[in-house]
1. Select, from 108, 44, the only residue that is within 29 Å of residue 163 (Cβ to Cβ), modelled with pLDDT of 95 or more and surrounded by fewer than 21 Cβ atoms within 10 Å (Cβ to Cβ).
2. Quick one: which residue in 21, 71 is more than 24 Å from residue 158 (Cα to Cα), surrounded by fewer than 20 Cβ atoms within 10 Å (Cβ to Cβ), modelled with pLDDT of 95 or more and touching a strand residue (DSSP E or B) at 6+ places or on another chain (Cβ under 9 Å)?
3. Consider residue 39 against the criteria (1) modelled with pLDDT under 95; (2) crowded, with 17+ Cβ neighbours inside 10 Å: it satisfies all of them except one. Which criterion is unmet?
4. Limited to the range 128-150, what total is found for residues that are at pLDDT 95 or above and at positive phi?
5. Name every residue in the range 144-165 that is under 22 Å from residue 179 (Cα atoms) and without any contact (Cβ under 8 Å) to a residue 40 or more places away in the chain, in order of residue number.
6. May I ask you to list the residues in the range 191-208 that are over 30 Å from residue 88 (Cβ atoms) and under 19 Å from the mean Cα position of the chain (by Cα)?
7. Which count do you get for residues in the range 186-203 that are surrounded by fewer than 21 Cβ atoms within 10 Å (Cβ to Cβ) and more than 30 Å from residue 108 (Cα to Cα)?
8. Restricting attention to the range 166-190, and to residues there that are in contact (Cβ under 8 Å) with a residue 60 or more places away in the chain and part of a loop (DSSP other than H, G, I, E, B), which single residue is nearest to the chain's Cα centre (by Cα)?
């Protein structure tokens with residue numbers, strides 16, 4: 001179990017994504033980060049690769065370049081306009097796909113910029129995470145778009161989205177089970193098999 005107060009950089013979904021990243025990345029890789037993260041998180045990614053390109057949609061959120069990190073303004077749905085097709089070894093995106101109006105197009109664009117054999121790692125909230133599922137028993141199902149989210153996914157939604165893509169294979173992993181939000185985070189890092197559908201997040205590994 002992980003208990004964190006306050007969460008800072010120790011959020012379970014980020015730690016899980018970083019662990020997966022370390023498994024795939026190599027020193028000579030060109031890495032793509034879709035959606036500007038915190039400087040600390042981007043630096044953690046960039047320290048393990050040759051170069052990192054960050055793509056951010058909103059000008060006011062675009063950070064300054066540093067070390068081996070270069071940022072570009074761009075839309076995930078038109079990724080090929082700012083990233084050369086077939087140029088990326090490993091792509092990472094944390095909590096972005098749920099904001100994108102056309103997620104199928106975003107996945108198609110991601111496929112185009114990856115090299116043959118390239119890998120993409122994404123995470124996103126589970127629409128039926130335990131706390132949400134409990135609230136909806138009394139308040140009814142949440143409707144989307146909501147706030148900034150165009151949608152949230154249950155596992156079968158991701159299966160349908162990714163199964164229709166050109167990727168050669170993919171994995172959908174449940175991440176974190178418990179309370180993961182607000183001032184106190186109390187959760188299991190490993191999701192019990194019988195509670196899989198109530199995990200807080202999904203982590204996706206895509207293989208070109």
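1. That would be 108, the only listed residue that is within 29 Å of residue 163 (Cβ to Cβ), modelled with pLDDT of 95 or more and surrounded by fewer than 21 Cβ atoms within 10 Å (Cβ to Cβ).
2. Of 21, 71, the one residue that is more than 24 Å from residue 158 (Cα to Cα), surrounded by fewer than 20 Cβ atoms within 10 Å (Cβ to Cβ), modelled with pLDDT of 95 or more and touching a strand residue (DSSP E or B) at 6+ places or on another chain (Cβ under 9 Å) is 71.
3. With respect to (1) modelled with pLDDT under 95; (2) crowded, with 17+ Cβ neighbours inside 10 Å, residue 39 is out only on (2).
4. 0
5. Within the range 144-165, 146, 147 meet the criteria.
6. Result: 196, 197, 198.
7. Adding up the residues that qualify gives 8.
8. Here the answer is 176.
The values are calculated or read from the model by the stated rules, or taken from the named source; none is laboratory data. Since this is a predicted model, take the numbers as computed values, not measurements. Note that each Cβ is placed from the backbone with ideal geometry, even for glycine, and that neighbours are counted across all protein chains shown.
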